[in-house]
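Inspection log for the structure reproduced underneath, given as structure tokens.
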């Protein structure tokens with residue numbers, strides 16, 4: 001708890017906050033400007049700084065039934081939400097075990113948890129694909145959501161293990177000795193303490209799942225169409241205007257999620273600082 | 001504390017199990033459907049003995065998952081809107097266009113399913129395909145075959161035409177049906193290049209007379225690979241003037257002939273390399289990158305497998321209105337692209353109806369219309385009604401696109417697959433890495 005208070009004091013310095021906002025604008029908003037321009041450009045060639053002609057073609061194409069961007073957006077969101085929930089359910093207990101307890105073989109477990117970040121996910125997924133086909137999980141939203149756990153779980157677990165490393169489990173014992181039940185303890189003691197870290201972990205998970213391409217293509221078999229798949233189709237074939245319009249749609253949820261959790265990312269809480277403590 | 005941890009763990013495990021259980025639906029194979037990998041002929045399939053009417057009836061209410069390259073908004077629209085809606089109205093078949101980046105993704109999909117033992121309930125019902133991908137599928141026994149005779153509209157094809165019967169040298173054997181013709185044309189901007197190089201020798205001279213204004217995508221890119229083959233043909237024409245020139249290359253792979261022609265080709269390409277865009281230090285990765293260079297006037301020449309795409313490019317603002325296409329007098333390579341049905345498609349009847357529908361004269365006519373797509377027909381126009389023939393002749397032509405009557409006489413055949421892959425691999429070691 002002292003850690004929480006300390007960094008809250010630091011956060012109040014104000015200057016850091018404005019620097020943070022300026023950095024967010026520079027690195028998040030500025031790169032999006034050309035995408036927005038591309039999405040309404042008809043002819044934009046060297047050496048013109050702005051397009052010489054404009055057109056609404058890309059946007060009308062994006063909203064036409066052919067590309068089904070709405071369907072893809074819904075599927076992408078659905079998968080990312082399921083992945084986030086599953087990651088929380090698995091990552092929180094795992095992070096707790098790693099952050100609070102010393103046990104034999106802990107280093108090995110940590111290494112295994114990091115493995116999906118070290119080993120290319122594609123190599124693993126190629127093997128999993130065969131199994132998924134056999135179990136009927138291929139080409140389905142469920143299968144895609146499960147396979148997205150490969151790249152997302154390490155982040156969730158790492159963040160939570162950092163959070164629990166700074167967490168004193170004695171508070172739970174105190175609450176219990178004062179008469180709180182198991183659920184009340186979780187709700188009024190554990191959850192508030194880990195909440196900022198939980199949000200950050202969930203945010204990572206959501207965004208990693210949101211932007212998966214290769215795993216979705218492989219396990220979804222082209223039948224689960226998410227936004228990155230549509231985007232890649234057009235970006236790779238040089239349809240810059242449509243790729244621009246899709247990119248604009250693609251980044252919207254990221255910005256919303258980021259804005260909502262801004263408080264936790266701006267460093268006002270201990271959670272973020274704890275990531276390195278594994 | 002420990003109890004809640006255990007509870008959470010149990011919940012997670014239970015949830016995962018529930019998800020897996022929910023997704024594992026049993027799939028009963030229809031009788032007659034394949035039970036092992038291998039090419040499946042119509043006569044040995046679940047559709048054996050049916051006449052066309054029975055197949056159309058069996059297809060009623062079906063779905064076709066058609067895997068095809070999805071990078072062109074025009075083609076996507078044509079397939080989803082024009083073909084999809086008509087198929088629904090006329091045959092009550094749902095067309096599900098599955099857009100992919102590369103046809104090889106669909107081939108790998110069928111391959112993975114086969115390795116996993118899915119022989120009757122695959123997820124791919126049709127693939128837009130040709131060349132190397134077709135060869136892989138045919139050799140791997142992954143196709144449904146020998147069904148040309150059942151398709152009424154296949155009678156409108158010239159079934160003696162070797163360019164339809166051999167796909168990059170691989171015999172088609174009724175394992176795919178033609179859909180479009182394609183033939184390479186050069187692209188230039190008539191505003192900046194008044195007289196483009198007329199043949200391959202002139203083109204190579206043009207490159208060094210205008211340093212930095214020419215390049216080609218790095219093979220194995222489709223378009224880059226075909227450019228290198230044009231140079232290859234040109235060298236063969238010079239090496240064997242009395243033996244038919246490039247015709248000596250047609251047929252099975254011949255190492256002795258290859259070595260001779262390849263040596264001359266790599267010498268030529270290395271000679272012009274320093275004249276290329278960025279002095280040949282790097283090549284555009286694909287056709288889209290070359291298009292971008294051309295539209296930014298960084299390079300003066302471009303090439304395409306599909307001349308009609310230049311008209312579309314002008315309409316979409318990618319190319320300047322002064323862009324024009326033409327054929328090289330030394331000839332340009334042409335080929336045919338097809339639709340194929342995987343052996344493990346559970347919707348073969350519906351896929352057959354779609355295959356036949358795509359060859360319908362009216363459908364081929366609307367596809368050839370530059371306002372719709374502009375793809376060249378595969379039909380033998382002497383076999384369609386006079387009325388349709390007149391409409392084909394009367395199709396508008398985009399001013400940027402060379403008339404097919406001018407381009408077709410310049411057509412050169414494709415090489416067989418072994419030549420292609422060897423050329424692509426050796427280009428890497430002999431040109432890119434030199």
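The values are calculated or read from the model by the stated rules, or taken from the named source; none is laboratory data. Only a predicted model underlies this, so the values are computations on that prediction, with no experimental measurement involved. Positions of Cβ are backbone-derived with ideal geometry, glycine not excepted, and every protein chain shown enters the neighbour counts.
Read through the list (1) closer than 25 Å to residue A:230 by Cβ; (2) within 14 Å of chain B (Cβ to nearest Cβ); (3) surrounded by fewer than 19 Cβ atoms within 10 Å (Cβ to Cβ), then give the number of the only condition that residue A:69 fails.
In the conditions (1) closer than 25 Å to residue A:230 by Cβ; (2) within 14 Å of chain B (Cβ to nearest Cβ); (3) surrounded by fewer than 19 Cβ atoms within 10 Å (Cβ to Cβ), residue A:69 misses (3) alone.
Which number in (1) touching a helix residue (DSSP H, G or I) at 6+ places or on another chain (Cβ under 9 Å); (2) at the interface with chain A (Cβ under 10 Å from one of its Cβ atoms); (3) crowded, with 16+ Cβ neighbours inside 10 Å marks the one condition that residue B:126 misses?
Condition not satisfied by residue B:126: (2).
Going through A:114, A:141, A:122 one at a time, which residue ends up being modelled with pLDDT of 90 or more, surrounded by fewer than 20 Cβ atoms within 10 Å (Cβ to Cβ), within 21 Å of the chain's Cα centre (by Cα) and more than 7 Å from chain B (Cβ to nearest Cβ)?
Working: A:114 fails: modelled with pLDDT of 90 or more; A:122 fails: modelled with pLDDT of 90 or more.
Answer to the selection: A:141.
Can you tell me which residue among B:54, B:43, B:48, B:21 is within 14 Å of chain A (Cβ to nearest Cβ), surrounded by fewer than 17 Cβ atoms within 10 Å (Cβ to Cβ) and either modelled with pLDDT of 85 or more or outside any loop (DSSP other than H, G, I, E, B) (or both)? If you could, list the steps in order and put the result at the bottom.
Numbers: B:54 fails: within 14 Å of chain A (Cβ to nearest Cβ); B:43 fails: within 14 Å of chain A (Cβ to nearest Cβ); B:48 fails: within 14 Å of chain A (Cβ to nearest Cβ).
Just one listed residue meets the conditions, B:21.
All but one of (1) under 26 Å from residue A:49 (Cβ atoms); (2) touching a helix residue (DSSP H, G or I) at 6+ places or on another chain (Cβ under 9 Å) hold for residue B:271, so report the exception by its number.
(1)
If we scan segment B:358-366, do we find a residue that is away from every other protein chain (no Cβ under 14 Å), over 30 Å from residue A:41 (Cβ atoms) and in a loop (DSSP other than H, G, I, E, B)?
Checked against the condition, which is being away from every other protein chain (no Cβ under 14 Å), over 30 Å from residue A:41 (Cβ atoms) and in a loop (DSSP other than H, G, I, E, B), segment B:358-366 yields at least one hit.
If we scan segment B:107-115, do we find a residue that is within 30 Å of residue B:414 (Cα to Cα), within 13 Å of chain A (Cβ to nearest Cβ), in a helix (DSSP H, G or I) and in contact with a helix residue (DSSP H, G or I) (Cβ under 6 Å, 6 or more places away or on another chain)?
Yes: segment B:107-115 contains one or more residues that are within 30 Å of residue B:414 (Cα to Cα), within 13 Å of chain A (Cβ to nearest Cβ), in a helix (DSSP H, G or I) and in contact with a helix residue (DSSP H, G or I) (Cβ under 6 Å, 6 or more places away or on another chain).
I'd like the full set of residues that are assigned to a loop (DSSP other than H, G, I, E, B) and touching a strand residue (DSSP E or B) at 6+ places or on another chain (Cβ under 6 Å), limited to segment B:247-306. Give the steps one after another, and end with the answer.
We begin by selecting, within segment B:247-306, every residue assigned to a loop (DSSP other than H, G, I, E, B); these are B:250-254, B:274-276, B:281-286, B:296-300, B:305-306.
Result: B:305, B:306.
Any chance you could count how many residues in segment A:82-114 are more than 22 Å from residue A:166 (Cα to Cα) and in contact with a helix residue (DSSP H, G or I) (Cβ under 8 Å, 6 or more places away or on another chain)?
Step one: of segment A:82-114, the residues more than 22 Å from residue A:166 (Cα to Cα) are A:82-86, A:112.
Of the ones still in play, those that are also in contact with a helix residue (DSSP H, G or I) (Cβ under 8 Å, 6 or more places away or on another chain) are A:82-84, A:86.
Of the residues in that region, 4 qualify.
Find the residue count for segment B:68-98, including only residues that are within 11 Å of another protein chain (Cβ to nearest Cβ) and within 26 Å of residue B:58 (Cα to Cα).
Narrowing segment B:68-98 to residues within 11 Å of another protein chain (Cβ to nearest Cβ): B:68-82, B:84-85, B:96-98.
Okay, now just the ones that are also within 26 Å of residue B:58 (Cα to Cα), so B:68, B:78-82, B:84-85, B:96-98.
Count: 11.
Which members of segment B:288-298 meet the condition of being in contact with a helix residue (DSSP H, G or I) (Cβ under 9 Å, 6 or more places away or on another chain) and surrounded by fewer than 23 Cβ atoms within 10 Å (Cβ to Cβ)? Write out each step before concluding.
Within segment B:288-298, the subset in contact with a helix residue (DSSP H, G or I) (Cβ under 9 Å, 6 or more places away or on another chain) is B:288, B:290-293, B:295, B:298.
Residues satisfying the conditions are B:288, B:292, B:293, B:298.
Pick out, from segment A:163-245, the helices (runs of 4 or more DSSP H) lying fully within it that include 3 or more residues that are surrounded by fewer than 20 Cβ atoms within 10 Å (Cβ to Cβ). Show your work before the answer.
Numbers: elements: A:170-177, A:182-185, A:191-210, A:214-220, A:227-236.
Answer list for segment A:163-245: A:170-177, A:182-185, A:191-210.
Do the conditions hold for residue A:131, that is, is it free of Cβ contacts under 8 Å to residues at least 24 places away in the same chain and within 11 Å of chain B (Cβ to nearest Cβ)? Break it down into steps so the answer makes sense when it comes.
Details: free of Cβ contacts under 8 Å to residues at least 24 places away in the same chain: yes; within 11 Å of chain B (Cβ to nearest Cβ): yes.
It is true that residue A:131 is free of Cβ contacts under 8 Å to residues at least 24 places away in the same chain and within 11 Å of chain B (Cβ to nearest Cβ).
Please verify whether residue A:52 is exposed (fewer than 14 other Cβ atoms within 10 Å of the Cβ), closer than 30 Å to residue B:98 by Cβ, at pLDDT below 90 and over 19 Å from the mean Cα position of the chain (by Cα), treating the condition exactly as stated. Spell out how you get there, then give the answer.
Values: exposed (fewer than 14 other Cβ atoms within 10 Å of the Cβ): yes; closer than 30 Å to residue B:98 by Cβ: no; at pLDDT below 90: yes; over 19 Å from the mean Cα position of the chain (by Cα): yes.
Here the answer is no, as residue A:52 does not meet what is asked.
What number of residues within segment B:65-106 are closer than 17 Å to residue B:355 by Cα and part of a loop (DSSP other than H, G, I, E, B)?
Selection size over segment B:65-106: 2.
In segment B:312-329, which residues are under 11 Å from residue B:189 (Cα atoms), over 23 Å from the mean Cα position of the chain (by Cα) and at the interface with another protein chain (Cβ under 10 Å from one of its Cβ atoms)?
B:320, B:321 - these are the residues of segment B:312-329 that are under 11 Å from residue B:189 (Cα atoms), over 23 Å from the mean Cα position of the chain (by Cα) and at the interface with another protein chain (Cβ under 10 Å from one of its Cβ atoms).
Identify the residue in segment A:205-247 that is touching a strand residue (DSSP E or B) at 6+ places or on another chain (Cβ under 9 Å), within 26 Å of residue B:217 (Cα to Cα) and in contact (Cβ under 8 Å) with a residue 40 or more places away in the chain and, among all such residues, is farthest from the other protein chains (Cβ to nearest Cβ). Spell out the reasoning first.
Going residue by residue through segment A:205-247, those that are touching a strand residue (DSSP E or B) at 6+ places or on another chain (Cβ under 9 Å) are A:217, A:221-223, A:225, A:229-230, A:233, A:237, A:240-241, A:244.
Then keep just the ones that are within 26 Å of residue B:217 (Cα to Cα); that gives A:217, A:229-230, A:233, A:237, A:240-241, A:244.
Applying the additional criterion that residues be in contact (Cβ under 8 Å) with a residue 40 or more places away in the chain yields A:229-230, A:240-241, A:244.
Working: A:229: 8, A:230: 7, A:240: 8, A:241: 8, A:244: 13 Å.
Restricting to residues being touching a strand residue (DSSP E or B) at 6+ places or on another chain (Cβ under 9 Å), within 26 Å of residue B:217 (Cα to Cα) and in contact (Cβ under 8 Å) with a residue 40 or more places away in the chain, the top hit is A:244.
I'm checking my understanding of the structure. Among residues of segment A:38-57 that are in contact (Cβ under 8 Å) with a residue 24 or more places away in the chain and more than 9 Å from chain B (Cβ to nearest Cβ), which one is nearest to residue B:297 (Cα to Cα)?
Selected residue: A:38.
Any residue that is closer than 14 Å to residue B:419 by Cα, buried (at least 18 other Cβ atoms within 10 Å of the Cβ) and not assigned by TED's automatic domain parsing to the domain that holds residue B:102 - is there at least one of those in segment B:267-287? Lay out the reasoning, then the answer.
Taking segment B:267-287 as the starting set, the residues that turn out to be closer than 14 Å to residue B:419 by Cα are none.
Taking every residue of segment B:267-287 in turn, none turns out to be closer than 14 Å to residue B:419 by Cα, buried (at least 18 other Cβ atoms within 10 Å of the Cβ) and not assigned by TED's automatic domain parsing to the domain that holds residue B:102.
In segment A:146-162, is there at least one residue being buried (at least 21 other Cβ atoms within 10 Å of the Cβ) and within 8 Å of chain B (Cβ to nearest Cβ)?
Scanning segment A:146-162 turns up at least one residue that is buried (at least 21 other Cβ atoms within 10 Å of the Cβ) and within 8 Å of chain B (Cβ to nearest Cβ).
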